[in-house]
1. Looking only at residues that are of a type in the set (S, T, Y) and open to solvent by 30 Å² or more (accessible area, probe 1.4 Å) in the range 281-297, which one is nearest to W385 (Cα to Cα)?
2. Taking the range 251-272, which residues are modelled with pLDDT of 95 or more and either of a type in the set (D, E) or over 15 Å from S221 (Cβ atoms) (or both)?
3. Which one of these does A64 not meet: (1) open to solvent by 60 Å² or more (accessible area, probe 1.4 Å); (2) over 20 Å from G380 (Cα atoms)?
4. Hey, can you tell me all the residues within the range 42-61 that are among the β-branched types (V, I, T) and crowded, with 19+ Cβ neighbours inside 10 Å?
5. Search the range 1-29 for residues being small (G, A, S), under 15 Å from I57 (Cβ atoms) and in contact (Cβ under 8 Å) with a residue 60 or more places away in the chain, and hand back the single one that is least open to solvent (accessible area, probe 1.4 Å).
6. Just a yes or no: is a residue in the range 95-105 farther than 18 Å from L51 by Cα, over 21 Å from the mean Cα position of the chain (by Cα) and open to solvent by less than 10 Å² (accessible area, probe 1.4 Å)?
7. Could you tell me whether the range 301-310 includes any residue that is farther than 22 Å from T371 by Cβ and modelled with pLDDT of 60 or more?
8. When you go through S32, S39 one by one, which is the residue that is among the hydroxyl-bearing types (S, T, Y), in contact (Cβ under 8 Å) with a residue 24 or more places away in the chain and either part of a strand (DSSP E or B) or more than 22 Å from P65 (Cα to Cα) (or both)?
Amino acid sequence: MSAPEVYNISQGPITGHAFNADRTQVAVSLNSNDVQILSRSGNDWNTTETLAEHDKIITSIDWAPNSNRIVTSSQDRNAYVWQQTPDPQTGRTIWKPTLVLLRINRAATFVRWSPFEDKFAVASGARAIAICSFDPDNDWWVSRLLKKPIRSTVLTVDWHPNNVLLAAGSADMKARVFSAYIKDVDKRPAGSVWGEKLPFNTICGEYTSPSGGWVHAVGFSPSGDVLAFASHDSTISIVYPGGPAIYTIRSNSLPYVTLTWTAEEALVAAGHDCQPVLFTGNASGWKAAGSLDDTSAPKSAGGARSGFGGASPVGRLNSAAFNTFRNADSRGLGSPGGANSGGSGDTELFTVHQNTITSVRPYEGGPGAVTKVSTSGVDGKLVIWNVSPVGALTAKLNAVRIQ
């Protein structure tokens with residue numbers, strides 16, 4: 001398997017990232033109220049535009065590949081749609097924001113364009129999801145709210161390929177599938193495993209986190225017939241509504257907070273364990289195939305390996321500092337800050353990402369045939385991973401079991 005492409009974008013956290021259609025530009029939020037548009041120049045990414053309109057930290061970004069529009073959500077309870085238009089004064093192309101009427105009284109937490117790019121969904125802390133569509137008569141974006149039976153903050157959403165169904169995960173420990181059908185916008189959808197009649201706010205499925213953890217990530221398979229969600233109890237759940245069957249993959253590593261499907265029988269999840277993990281399976285069962293990262297040695301700032309050995313497969317436990325404390329506790333060896341504690345590199349993890357991965361997204365390949373994914377995280381890195389072929393994965397997760 002080829003080595004991942006690693007880019008050090010920022011010294012601080014990357015809240016979210018989204019690439020344009022040809023992958024020559026990427027929009028990132030560096031834990032601030034601005035969006036930076038970065039353009040690729042050789043092996044570097046340079047800031048070419050700054051989108052400044054929000055008052056508080058931006059929580060999520062999505063870039064529509066066909067219409068070339070960017071949507072952002074923020075803790076200021078607003079969302080903006082950004083579109084390139086000529087500046088009447090200078091004539092140069094600028095990103096013009098359009099305010100969205102969300103009608104929420106808490107922070108907007110997550111946003112995603114629909115597959116047809118004619119509407120988008122905004123999750124919020126107001127126990128509601130705003131389904132936004134464009135009103136040409138008034139030249140603005142209006143919203144309708146999905147509310148019942150959501151009981152807490154909505155943390156994530158994902159669209160079904162039919163442009164109507166919407167999956168949502170929330171802090172009430174539930175993953176749900178809603179109908180977001182809007183009469184004047186959508187064509188009547190064909191029946192599916194999720195139901196036949198789909199008026200707005202119909203609950204097509206509701207699933208509880210296996211051990212009662214927040215649902216951090218949800219995702220429909222490329223066909224839309226399978227749902228996956230990741231919970232704070234360190235589980236990945238795969239739902240087959242036509243079965244019906246639910247497969248739960250439990251691990252004793254740290255929780256996953258983001259996931260994306262790469263094929264109908266494969267998905268990649270990542271989170272607090274600092275490494276993306278590939279899961280494979282079908283209606284007969286699911287398993288963890290391995291990590292996309294090589295955790296056999298710690299990574300230096302440039303991505304090369306250092307001279308450490310004996311790695312544990314769990315990324316966050318791979319620091320020499322942890323081993324120093326463990327040896328001092330169990331064997332009376334070494335002393336924190338003493339001669340045996342090593343240098344500043346002792347706290348380096350054996351993973352490419354040195355902190356939580358907050359976002360994983362498809363990078364190359366179409367739906368159902370994704371060959372590369374991109375990740376960003378709290379360490380300020382943007383990494384592009386090769387997810388094929390599956391047989392090249394060498395890492396093993398001994399603690400993963402299927403129930």
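1. Here the residue is S296.
2. Result: L254, P255, Y256, V257, T258, E264, E265, A270, G271, H272.
3. (1)
4. Selection gives I58, T59, I61.
5. G16
6. Scanning the range 95-105 turns up at least one residue that is farther than 18 Å from L51 by Cα, over 21 Å from the mean Cα position of the chain (by Cα) and open to solvent by less than 10 Å² (accessible area, probe 1.4 Å).
7. So far as the range 301-310 goes, no, none of its residues is farther than 22 Å from T371 by Cβ and modelled with pLDDT of 60 or more.
8. S32
The values are calculated or read from the model by the stated rules, or taken from the named source; none is laboratory data. Computed from a predicted model, the values in this text were never measured in an experiment. For neighbour counting, all protein chains shown are included, and Cβ atoms are generated from backbone atoms with ideal geometry for every residue, glycine included. We work out accessible area using only protein heavy atoms, side chains counted, and drop any ligands, DNA or RNA first. Shrake-Rupley method; radii C 1.70, N 1.55, O 1.52, S 1.80 Å.
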